[in-house]
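Structure first, then comments.
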Amino acid sequence: MPHQEARRLFPRGLSQPEGGFRFGADALLLASFAAPAAGRRVLDLGTGCGPAGLGLLLARDDADTMVLGLDRDPAMAAAAAANAGRLGLSDRFAARQLDLRAIRDDPALRPESFGLVLANPPYRDPASGRRTPSAPRDAARFETEGGLAAFADAAAYALENGANLALVHLAERLGHVFACLGARKLEIKRILPLAARQGAPARQVLVLATKNGRPGLRLDSALALYAGSGQDTRLSAEALRFCPFLACNAGPRNDRA
């Protein structure tokens, strides 16, 4: 498939390892949220098959931004690299197998060398929620391999002074997010709540934090992801403006493939 057609269809067609964690809309929303803040060198922690890092490159559509994706699962890192090739982005996106907890031990990853870090960490405490028998999927959903604290440690190490971390997490764990980032001098500067519908409680949050940033928080109005009801439920016009990549599932539920 020609690169331009693959880009037009994104995120459809992304290769995902059999039995591995399947990426969701949160990764695409993170890409759109982070795109305006991108530095020239971007680190995508826990890249999976690459939807956030690749989406950021497509959203920015420039020739300068470079993304390095890290994932502890070699199959995921290989899929991310293959997806970059399919999209014609291999010159700007690289993927490596690395446990982010070992980032300080890798001489190729120097401290304070990235202008932006992306993070879509596991959301849930291992003591809560239904666990899955698939080890890769379980590790992607539950904080069994370091969780947000490990992602924040890696981000604080990799970010240039004054550069940004963009992440997505559960609204119900926002206190945990503040604690983890604050302990590492990652000052939260913006929060965008994500709600299923207008007026509904936020289920997730997109967070932008600055390394050694000054206090001062912008709390946005919630982005309602869906409109309509029943079988006519569809992604809202606001959500599609914010993240055009969601258009692959924009129609009514009974029209979706």
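The values are calculated or read from the model by the stated rules, or taken from the named source; none is laboratory data. Every value quoted in this text rests on a predicted model; they were computed, and no experiment measured them. Don't worry about glycine lacking a Cβ; one is built from the backbone with ideal geometry, like all the others, and counts go over all protein chains shown.
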Item to check | Given (1) in contact with a helix residue (DSSP H, G or I) (Cβ under 9 Å, 6 or more places away or on another chain); (2) within 27 Å of residue 41 (Cα to Cα); (3) free of Cβ contacts under 8 Å to residues at least 40 places away in the same chain, number of the condition residue 245 does not satisfy | outcome: (3)
Next on the checklist: Which condition from (1) at pLDDT 95 or above; (2) within 26 Å of residue 105 (Cβ to Cβ); (3) buried (at least 18 other Cβ atoms within 10 Å of the Cβ); (4) not acidic (Asp, Glu) is the one that residue 162 breaks?
Outcome noted: (3)
Checklist entry - Name the residues in region 140-154 that are of a type outside the set (Asp, Glu), modelled with pLDDT of 95 or more and farther than 17 Å from residue 27 by Cα, would you? => result 149, 150, 152, 154
Checklist entry - Say we look at region 66-80 and pick out the residues that are surrounded by fewer than 21 Cβ atoms within 10 Å (Cβ to Cβ) and of a type outside the set (Lys, Arg); which of these is nearest to the chain's Cα centre (by Cα)? => result 66
Next on the checklist: Given the criterion among the hydrophobic types (A, V, I, L, M, F, W, C), closer than 16 Å to residue 168 by Cβ and out of contact with any His (no Cβ under 6 Å at 6 or more places or on another chain), identify the matching residue among 45, 58.
Outcome noted: 45
Item to check | Neighbours by Cβ (under 7 Å, 6+ apart or cross-chain): first from region 197-222, under 17 Å from residue 175 (Cα atoms); second assigned to a loop (DSSP other than H, G, I, E, B) | outcome: 202/222; 203/196
Checklist entry - In the list 43, 54, which residue meets the criterion of being assigned to a helix (DSSP H, G or I) and either modelled with pLDDT under 95 or in contact with a Phe, Trp or Tyr (Cβ under 7 Å, 6 or more places away or on another chain) (or both)? => result 54
Checklist entry - When region 79-119 is examined, which residues are found to be polar (S, T, N, Q) and either closer than 30 Å to residue 4 by Cβ or touching a helix residue (DSSP H, G or I) at 6+ places or on another chain (Cβ under 6 Å) (or both)? => result 83, 90, 97
Checklist outcome for this item: Note on region 201-242: residues in a strand (DSSP E or B), aliphatic (A, V, I, L, M) and within 23 Å of residue 163 (Cα to Cα) are 205, 206, 207, 208, 209, 219
Item to check | Filtered residues of region 207-257 (kept if within 24 Å of residue 55 (Cα to Cα), of a type in the set (D, E, K, R) and modelled with pLDDT of 95 or more) | outcome: 211, 220, 238, 241
Checklist entry - Of the conditions (1) surrounded by fewer than 21 Cβ atoms within 10 Å (Cβ to Cβ); (2) over 30 Å from residue 196 (Cα atoms), residue 36 fails just one. Which one is it? => result (2)
Checklist entry - Looking at (1) crowded, with 18+ Cβ neighbours inside 10 Å; (2) touching a strand residue (DSSP E or B) at 6+ places or on another chain (Cβ under 8 Å); (3) within 19 Å of residue 34 (Cα to Cα), can you tell me which one residue 236 breaks? => result (3)
Item to check | Failed condition for residue 169, given (1) at pLDDT 95 or above; (2) assigned to a loop (DSSP other than H, G, I, E, B) | outcome: (2)
